[in-house]
1. To the nearest 20 Debye, how big is the dipole of the chain about its Cα centre, given +1 on the beta carbon of each Lys and Arg and -1 on that of each Asp and Glu?
2. Return the single residue from Gln100, Gln27, Gln73 with maximal mean-square fluctuation; model: Gaussian network over the chain, springs between Cα atoms under 10 Å.
3. Starting with the fewest neighbours, write out Tyr5, Tyr12 ranked by other beta-carbon atoms found within 10 Å of each beta-carbon.
4. Test of understanding: given the chain, find the longest segment containing no GluC sites (Glu not before Pro) that are in a DSSP loop and have at most 16 other Cβ atoms within 10 Å.
5. Taking springs between alpha-carbon atoms closer than 10 angstrom, which of Asp41, Asp62, Asp77 fluctuates most in the Gaussian network model of the chain?
6. How far is helix 99-113 tilted off the main Cα axis of the chain, in degrees rounded to 10, range 0 to 90?
7. Taking loop as defined by DSSP and a crowding limit of 11 other beta carbons within 10 Å, which trypsin sites (Lys or Arg not before Pro) in segment 1-89 fit?
8. Could you please rank Ile71, Ile36, placing first whichever residue has the fewest other Cβ atoms within 10 Å of its Cβ?
Amino acid sequence: MFGKYDLSAQQYNALRLLEAAAPNGIQTMDLGRRMISRSPDTTRLIDRLEKRGFLSRSRREDNRRVVEISISQAGLDLLSEMAAEVNEMNQKQLGHLSAQQQQQLVKLSRLARKPHEDSTCDWLEIQ
């Protein structure tokens with residue numbers, strides 16, 4: 001489904017993470033940590049999305065080494081355009097599970113991933 005939009009699953013994941021952070025941005029390293037599937041070359045993934053106008057990069061005034069990435073309106077528009085198809089795909093994949101089973105799956109997935117995260121991944125807290 002992502003190929004229809006000339007996106008990889010990792011690029012889509014990056015845009016969703018940036019959407020969740022909007023209107024704020026995310027530091028490049030934080031984005032890499034939050035990715036479902038870790039790309040060894042997050043910079044190249046970001047380069048491709050920036051070239052297509054889906055995000056922008058900026059350097060922090062207080063520390064020019066820190067790069068922050070923000071989703072652009074074009075990126076938000078793309079996610080909005082894709083939303084119905086993504087929901088349909090998710091429904092085909094997991095729609096047979098009850099809401100409680102889906103919540104349990106999310107909790108177990110976070111629990112399985114937790115040992116592979118560093119201590120700064122507070123967004124991964126099990127609830």
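A short reminder: the numbers here are calculations on the coordinates, not readings from a lab. On a predicted model such as this, the values are computed, not experimentally measured, just so you know. Here the Cβ positions follow ideal geometry from the backbone for every residue, glycine too, while neighbour counts run over all protein chains shown.
1. Computed charge dipole of the chain: roughly 340 debye.
2. Greatest mean-square fluctuation among the candidates belongs to Gln100.
3. Numbers: Tyr5 14, Tyr12 19.
Ranking Tyr5, Tyr12 by Cβ neighbours within 10 Å, fewest first, gives Tyr5, Tyr12.
4. My reading of the result: 1-60 is the longest stretch.
5. Asp62
6. 50
7. Arg38, Arg64, Arg65
8. Ile36, Ile71
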